[in-house]
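Since the structure comes first, as structure tokens, the remarks are kept for the end.
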Amino acid sequence: MKLEKGTSRAALVGEKLTIKIPIFDIPRLIKDIRSALQGNGMLREFLSGAERTGTLAFFLRGLKENRREASLSSEFADLAVPTRLSVLGIVNIQDSAPEILSPEDEIYSAFWRKLVDSTDFSSITEGDERIMRRGVHTLQQSDNFGTHMGRIKLRDYGEKGLDELLRKYGKLLKEVLEEKMAEIQAR
């Protein structure tokens, strides 16, 4: 098994299964709380802002991302590697999907071109622009994709806002991934 660490989650990646858990750095959390206590009684501010900044934020974000992946797994089965089991977002067990894309494969650029070509771009609303801004981080990094059952799929899809993007533009993304897979197979 190989350990991969992201911003808010760590993943133990095996040949068949991947286990994802939120990152929780207890020594750093203690240090942050001690610092907040010593800083003019700022503990209340530390705790109220803990979901946005600091060590606790990464843990909470990891929990939310695991829970989001568990709920999106079946909805986007043709685009996402399945999450087989989630224990309250603390532990997710997902199929493993080996990396196939190189950084040059640029899924996001291909997706954006497909979006522009297939829509009347002037009809894209402000709401659509918001959807595009949220969730695009996942599409911009080729290592968020892997092969699963002969198809390229998202293997890291817990990012906030990605669900909206997939609901609105999932069909286009599926076409891009199928085209990319055909291109890779032809190499």
Practice problem: Fewest Cβ neighbours within 10 Å first, please rank T138, T18, T7 accordingly. | Solution: T7, T138, T18
Self-check item: Burial ordering of V13, V116, V136, fewest other beta-carbon atoms within 10 Å first
Solution: V116, V136, V13
Self-check item: Cα-projected label distance for S109 with E179, points at 7 Å along beta-carbon direction, nm
Solution: 1.3
Practice problem: Rounded to the nearest 0.05, what FRET efficiency do D143 and L12 give with R0 = 22 Å and r taken as the Cβ-Cβ distance? Could you check? | Solution: 0.85
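Please give the contour-minus-distance gain from V91 to K31: 0.36 nm per residue of separation, less the Cα-Cα distance, rounded to one decimal in nm. Before the final figure, lay out the partial values.
Values: separation 60, 0.36 × 60 = 21.60 nm, distance 2.55 nm.
Answer, rounded to one decimal: 19.0 nm.
Any of K2/K153; K2/K171; K5/K31; K5/K160 with alpha carbons more than 23 Å apart? Name them for me.
On the way: K2/K153 20 Å; K2/K171 32 Å; K5/K31 21 Å; K5/K160 18 Å.
Where the Cα-Cα span goes over 23 Å, the pairs concerned are K2/K171.
Would you list K160, K16 from fewest to most Cβ contacts within 10 Å? Walk me through the numbers before you get to the answer.
Values: K160 13, K16 6.
If I rank by nearby Cβ atoms, fewest first, I get K16, K160.
Only the coordinates and a few stated rules stand behind these numbers; no lab work does. Quick caveat: nothing in here was measured; it's all calculated off a predicted structure. Cβ sites come from the backbone with ideal geometry, for glycine too, and all protein chains shown count toward neighbours.
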